[in-house]
Amino acid sequence: MFGRIFVYKFKEIIRNRYMVGWNFLFPIVLATVFYLGFGNMIKDDPDSFHTIEVGYVNTNQAESNFETVLDELTEETDGNEAILSLRKYGSKQEAMDAMNSDEIFGFYMEDGEEIETIVPTNGYNATVMNQIVREYENKKNVIDTIAKDHPENIQSALDMVTENLAIIKEHDFGNNTSPYVQYFFALIAMSSLFSSWISTTILEGICANMTEQGKRFECSPTSKLMAIVAGICAAMIMQAVSNAVVVIYVQKILKISFGAPLVNIIAITTLGSALGVSCGVLMGSLIKNSRLLMVVPLCFTMTCSFFSGLMWHQIRQLIESKAPILNRINPAALLVDCLYTRATYGKTAMYYQDITIMSIMIVVSLFISAILLRRRKYVSL
């Protein structure tokens with residue numbers, strides 16, 4: 001019975017042109033508008049990091065540890081860009097010719113124990129290249145000292161160096177922190193809250209005080225709890241697919257990176273879909289006037305979206321500094337903050353805090369809705 005109700009509810013949702021238009025098509029259209037408005041500002045943001053084309057010349061006979069470090073820095077980590085794109089040359093003159101022809105920005109020259117960084121001009125890329133050499137030499141000196149004075153701790157020292165390198169690769173480089181990306185995060189949050197309309201529509205067809213269909217359902221022997229759960233599952237799947245389509249469209253078609261693995265972004269937006277559906281179920285259980293079932297979710301969605309930064313990206317930071325509690329109870333702001341934190345800083349404590357709060361809001365909303373719907377009675381049908 002559950003499967004049959006689920007299929008019927010899913011068909012009912014996808015056949016509703018109004019919901020399909022707003023939940024599927026409108027986010028894609030708005031994402032396209034955002035891209036036309038400031039997409040190039042994200043791609044060409046001077047503050048964003050781009051992989052540095054560098055060369056490497058090793059006059060030593062044996063393979064160098066520094067060369068191993070450079071090879072590590074050419075690999076992507078956690079969906080972020082690689083720090084370096086490495087080309088190896090047999091002589092200094094070959095590397096100089098490549099640098100002069102703009103094939104590479106600069107190159108490293110390793111001769112014996114000395115590592116020389118050769119760059120055409122000073123700037124951001126030159127600073128990064130020099131910092132890599134400094135970090136390598138500092139860690140090498142630490143390991144040499146430990147190996148000389150405390151050889152029993154050499155493995156711990158090597159683990160420390162490896163861990164520090166992983167942190168640099170994951171958090172300090174390759175993350176797209178352009179403020180304009182937050183508009184796309186806010187767009188996804190708005191799309192997730194649009195699922196509240198789906199929930200109220202489902203409840204409208206189940207509750208006898210709203211529609212004639214609801215009266216017929218109340219008289220049927222079908223379990224209301226089963227029907228509501230089936231409807232919630234259908235709504236969540238529909239909205240999760242909608243959000244996934246938007247994310248894939250932005251990343252694959254518009255070529256705007258969210259700065260995190262695609263699977264992780266889709267998982268977060270799926271949680272946002274569940275949050276939007278649960279909020280809609282709560283509103284549907286509180287509202288008894290069928291005319292308000294469209295107005296209230298719309299006002300709720302747009303208000304939350306506005307304060308999450310959909311119209312002005314700095315408003316969320318302003319609220320965070322003045323009244324941070326508002327960002328903790330705004331579902332759209334929570335979803336935007338979760339996406340932005342994951343893309344910019346990785347899986348930090350704030351990231352898990354946002355996920356925990358959203359999960360709690362889902363459980364509390366569904367729990368309250370279950371109590372209200374279970375106690376709803378009618379004088380006559």
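A few remarks follow.
- Just one of the listed residues (Ser321, Ser273, Ser290) is surrounded by fewer than 21 Cβ atoms within 10 Å (Cβ to Cβ), part of a helix (DSSP H, G or I) and assigned by TED's automatic domain parsing to the domain that holds Gln182, namely Ser321.
- Matching entry among Leu282, Leu373, Leu339, Leu310 (being assigned to a loop (DSSP other than H, G, I, E, B) and in contact (Cβ under 8 Å) with a residue 60 or more places away in the chain): Leu310
- Residue check for Ser64: small (Gly, Ala, Ser) and at pLDDT 85 or above: no
- The residues in region 316-335 that are more than 15 Å from Phe306 (Cα to Cα) and β-branched (Val, Ile, Thr) can be counted, and the count is 1.
- Filtered residues of region 324-336 (kept if part of a helix (DSSP H, G or I) and under 21 Å from Val277 (Cβ atoms)): Arg328, Ile329, Pro331, Ala332, Ala333, Leu334, Leu335, Val336
- One residue stands out among those in region 248-265 that are touching a Ser or Thr at 6+ places or on another chain (Cβ under 8 Å) and either touching a residue at least 40 places away in the same chain (Cβ under 8 Å) or outside the structural domain of Thr341 (by TED's automatic domain parsing) (or both): the one that is farthest from Pro27 (Cα to Cα), which is Gly259.
- Count of region 296-309 residues which are surrounded by 23 or more Cβ atoms within 10 Å (Cβ to Cβ) and not β-branched (Val, Ile, Thr): 5
- For the condition among the hydroxyl-bearing types (Ser, Thr, Tyr), assigned by TED's automatic domain parsing to the domain that holds Ser199 and under 18 Å from Pro27 (Cβ atoms), Ser305 qualifies.
- Of the residues making up region 154-172, none is modelled with pLDDT of 65 or more and under 30 Å from Met96 (Cα atoms).
- Within region 325-341, the presence of a residue that is modelled with pLDDT under 90, of a type in the set (D, E, K, R) and assigned by TED's automatic domain parsing to the domain that holds Phe367 is excluded.
Here's the yes/no breakdown for (1) outside any helix (DSSP H, G or I); (2) surrounded by fewer than 18 Cβ atoms within 10 Å (Cβ to Cβ); (3) not acidic (Asp, Glu):
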site	(1), (2), (3)
Arg87	yes, yes, yes
Ala95	no, no, yes
Met99	no, no, yes
Phe107	yes, no, yes
Glu116	yes, yes, no
Asn122	yes, yes, yes
Ala126	no, yes, yes
Ile132	no, no, yes
Lys140	no, yes, yes
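- Candidate set from region 258-293 (those that are in contact with a Pro (Cβ under 7 Å, 6 or more places away or on another chain) and among the aliphatic types (A, V, I, L, M)); member that is farthest from Ala343 (Cα to Cα): Met283
The values are calculated or read from the model by the stated rules, or taken from the named source; none is laboratory data. Everything quoted here is computed from the prediction, not taken from an experiment. Because the Cβ atoms are built from the backbone with ideal geometry, glycine has one as well, and the counts that use them run over all protein chains shown.
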